[in-house]
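Beneath this line is the structure, given in structure tokens, with notes to follow.
The values are calculated or read from the model by the stated rules, or taken from the named source; none is laboratory data. Because the structure is a prediction, the values reported are computed rather than measured. Cβ coordinates were reconstructed from backbone atoms using ideal geometry, including for glycine residues, and neighbour counts include every protein chain displayed.
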Amino acid sequence: MAKITLDVIIKEFGLSEVTRFQDPSKVEIYSAEVNRPGLQIAAGYFDYFGNDRVQIVGMVETKFMSGVSPKERSEKLDEYFSKKFPCIVVARGLEIYDEMKEMSKKHSIPILITNDSTSRFQAGLIRFLNLHLGPNISQHGVLIEVHGEGVLIIGESGVGKSETALELVKRGHRLVADDIVEITKVSDMTLIGRSPEIIRHFIEIRGVGFIDVKTLFGVGSVKVTESIDLVIDLELWDETKVYDRVGLEQKYINILGIDLPYVLVPVREGRNLAIIIEVAAMNNRQKNMGYNAAKALNDRVFNASKNYKEK
């Protein structure tokens with residue numbers, strides 16, 4: 001099961017620790033969901049309460065607690081903290097009542113604080129947790145950003161994926177991952193890819209060895225993560241196969257339950273794969289903007305044929 005530790009979240013969002021009872025690197029979080037505990041604190045309603053979620057306290061919760069006596073506040077917070085969630089984050093730099101600090105100490109649950117607005121912090125945290133805790137797989141291939149499109153290049157070992165990626169980097173595009181791409185589903189429509197940290201921004205070129213793309217070509221030649229918008233499958237040219245020459249029918253490949261546009265590109269001597277992938281990326285973007293060149297040409301031929309018959 002995927003997990004992330006609290007120290008990573010503290011560093012990512014610049015959170016300040018109000019109370020601490022153990023090393024944050026030992027506090028593990030498994031859920032990408034978060035919780036606003038207004039209903040739990042105010043009404044004591046804990047049915048379906050996810051105690052594996054990070055708790056976020058904002059203006060609503062703070063205002064409610066300001067309107068009850070210290071004794072009642074202590075009782076409600078005691079019941080709430082007894083549910084043993086990973087941590088609580090107070091947004092907007094709001095006041096943290098002594099009773100909350102007392103219950104934090106009693107139940108050994110850390111309190112953190114941020115100056116961000118509640119909604120902004122919550123949205124950012126959910127995106128971050130989805131990236132690290134969402135459904136994921138590892139895929140053999142190369143991920144590169146081409147003209148703003150995240151292109152996942154797959155194919156058999158030795159077909160030329162890394163060499164093509166290197167040529168694309170030289171042409172001004174940005175490498176995300178080579179050899180192994182870690183793919184995470186962050187929503188029902190979006191997949192994010194990245195490289196394992198140990199080989200991040202390295203490319204293996206047969207006969208040369210490993211090269212550090214960031215060092216050779218500069219920080220502008222690499223990215224840490226990128227959404228996957230198009231999958232290109234490189235295949236050694238098979239004389240017995242009939243390859244698509246029109247592109248009228250869009251093909252798809254399913255990864256983690258999401259259908260992604262798919263293009264099969266046959267590889268043979270004399271073909272400039274870098275240019276082909278650039279054009280495929282631009283064509284995919286054009287389709288997303290509502291224009292399909294193959295369909296436009298098909299309509300033009302159909303109309304010309306129709307007009308000829310009418311004459």
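Report, by residue number, each residue of segment 106-146 that is at positive phi and either without any contact (Cβ under 8 Å) to a residue 60 or more places away in the chain or surrounded by 14 or more Cβ atoms within 10 Å (Cβ to Cβ) (or both). I'd like the intermediate steps shown before the answer.
Quick first cut of segment 106-146, residues at positive phi only: 108, 141.
If the condition is that a residue be at positive phi and either without any contact (Cβ under 8 Å) to a residue 60 or more places away in the chain or surrounded by 14 or more Cβ atoms within 10 Å (Cβ to Cβ) (or both), then Gly141 is the only one that fits.
From the list Gly209, Gly247, Gly218, Gly193, which one is surrounded by 11 or more Cβ atoms within 10 Å (Cβ to Cβ) and modelled with pLDDT of 90 or more? Reasoning before the result, please.
Values: Gly209 fails: surrounded by 11 or more Cβ atoms within 10 Å (Cβ to Cβ); Gly247 fails: modelled with pLDDT of 90 or more; Gly218 fails: surrounded by 11 or more Cβ atoms within 10 Å (Cβ to Cβ).
When all the criteria are applied, what remains is Gly193.
Looking at Gly290 and the list (1) loosely packed, with under 12 Cβ neighbours inside 10 Å; (2) modelled with pLDDT of 95 or more; (3) of a type in the set (Gly, Ala, Ser), which single condition is not satisfied?
Condition (2) is where Gly290 drops out.
Given (1) part of a helix (DSSP H, G or I); (2) at pLDDT 95 or above; (3) closer than 28 Å to Val54 by Cβ, where does Glu182 come up short, assuming only one miss?
With respect to (1) part of a helix (DSSP H, G or I); (2) at pLDDT 95 or above; (3) closer than 28 Å to Val54 by Cβ, Glu182 is out only on (1).
Can you tell me which residue in segment 250-282 is surrounded by the most Cβ atoms within 10 Å (Cβ to Cβ), limited to those that are among the polar types (S, T, N, Q) and at pLDDT below 95?
So the first thing to find is which residues in segment 250-282 are among the polar types (S, T, N, Q), and the list is 250, 254, 272.
Among the residues that remain, those that are also at pLDDT below 95 are: 250, 272.
Values: Gln250: 14, Asn272: 11.
Restricting to residues being among the polar types (S, T, N, Q) and at pLDDT below 95, the top hit is Gln250.
Would you point out the residue of segment 166-189, among those that are out of contact with any helix residue (DSSP H, G or I) (no Cβ under 9 Å at 6 or more places or on another chain) and of a type outside the set (D, E, K, R), that is surrounded by the most Cβ atoms within 10 Å (Cβ to Cβ)?
From segment 166-189, those out of contact with any helix residue (DSSP H, G or I) (no Cβ under 9 Å at 6 or more places or on another chain) are 176, 181-183, 188-189; that's our starting set.
Of the ones still in play, those that are also of a type outside the set (D, E, K, R) are 176, 181, 183, 189.
On the way: Val176: 25, Val181: 23, Ile183: 22, Met189: 9.
Only one residue tops the list, namely Val176.
Take Ile56 and tell me if it is free of Cβ contacts under 8 Å to residues at least 40 places away in the same chain, out of contact with any Pro (no Cβ under 7 Å at 6 or more places or on another chain) and crowded, with 16+ Cβ neighbours inside 10 Å. Show your work before the answer.
Details: free of Cβ contacts under 8 Å to residues at least 40 places away in the same chain: no; out of contact with any Pro (no Cβ under 7 Å at 6 or more places or on another chain): yes; crowded, with 16+ Cβ neighbours inside 10 Å: yes.
Judged against the criteria, Ile56 is not a match.
Which residues, taken from segment 19-40, are in contact with a helix residue (DSSP H, G or I) (Cβ under 7 Å, 6 or more places away or on another chain) and among the aliphatic types (A, V, I, L, M)?
Listed by number, the residues that qualify are Val27, Ile29, Ala32, Val34.
Considering only segment 167-174, I want to know if a residue exists there that is in a strand (DSSP E or B) and either closer than 19 Å to Arg285 by Cα or without any contact (Cβ under 8 Å) to a residue 12 or more places away in the chain (or both).
Start the filter on segment 167-174 by keeping residues that are in a strand (DSSP E or B), which leaves 174.
So of that shortlist, the ones also either closer than 19 Å to Arg285 by Cα or without any contact (Cβ under 8 Å) to a residue 12 or more places away in the chain (or both) come out as 174.
Scanning segment 167-174 turns up at least one residue that is in a strand (DSSP E or B) and either closer than 19 Å to Arg285 by Cα or without any contact (Cβ under 8 Å) to a residue 12 or more places away in the chain (or both).
Quick check on my filter: what residues within segment 40-49 are in contact with an Asp or Glu (Cβ under 8 Å, 6 or more places away or on another chain) and loosely packed, with under 14 Cβ neighbours inside 10 Å?
Of everything in segment 40-49, just one residue is in contact with an Asp or Glu (Cβ under 8 Å, 6 or more places away or on another chain) and loosely packed, with under 14 Cβ neighbours inside 10 Å, namely Gly44.
Of the conditions (1) over 23 Å from the mean Cα position of the chain (by Cα); (2) in contact (Cβ under 8 Å) with a residue 40 or more places away in the chain; (3) assigned by TED's automatic domain parsing to the domain that holds Asp179; (4) over 27 Å from His132 (Cβ atoms), Ile275 satisfies every one except a single condition; which number is it?
The single condition Ile275 does not satisfy is (2).
For the subset of segment 1-38 comprising residues that are over 17 Å from Leu125 (Cα atoms) and charged (D, E, K, R), which member is surrounded by the most Cβ atoms within 10 Å (Cβ to Cβ)? Give the derivation first.
First pass over segment 1-38, keeping only residues over 17 Å from Leu125 (Cα atoms): 1, 18-23, 25-26, 38.
Now narrow it down to the ones that are charged (D, E, K, R): 20, 23, 26.
On the way: Arg20: 15, Asp23: 10, Lys26: 9.
My answer is Arg20.
Here are some residues: Ser66, Ser104. Which one is modelled with pLDDT of 95 or more and more than 25 Å from Lys185 (Cα to Cα)?
Numbers: Ser66 fails: modelled with pLDDT of 95 or more.
From the options Ser66, Ser104, the qualifying one is Ser104.
Report, by residue number, each residue of segment 37-85 that is closer than 17 Å to Met103 by Cβ and of a type in the set (Gly, Ala, Ser).
Residues satisfying the conditions are Gly38, Ala42, Gly44, Ser66, Ser69, Ser74, Ser82.
Going through segment 205-231 one residue at a time, which ones are farther than 25 Å from His132 by Cα and either outside any strand (DSSP E or B) or touching a residue at least 60 places away in the same chain (Cβ under 8 Å) (or both)?
Selection gives Arg206, Gly207, Val208, Thr215, Leu216, Phe217, Gly218.
Determine which single condition Val263 fails, assuming it passes every other condition in (1) assigned to a helix (DSSP H, G or I); (2) of a type in the set (Val, Ile, Thr); (3) within 18 Å of Gly141 (Cβ to Cβ).
It fails just one condition, (1).
So which residues in segment 34-52 are in contact (Cβ under 8 Å) with a residue 40 or more places away in the chain and under 30 Å from Thr184 (Cα atoms), if there are any at all? Talk me through it step by step, then tell me what you get.
Here is the first cut: in segment 34-52, the residues in contact (Cβ under 8 Å) with a residue 40 or more places away in the chain are 34-37, 40.
Selection gives Val34, Asn35, Arg36, Pro37.
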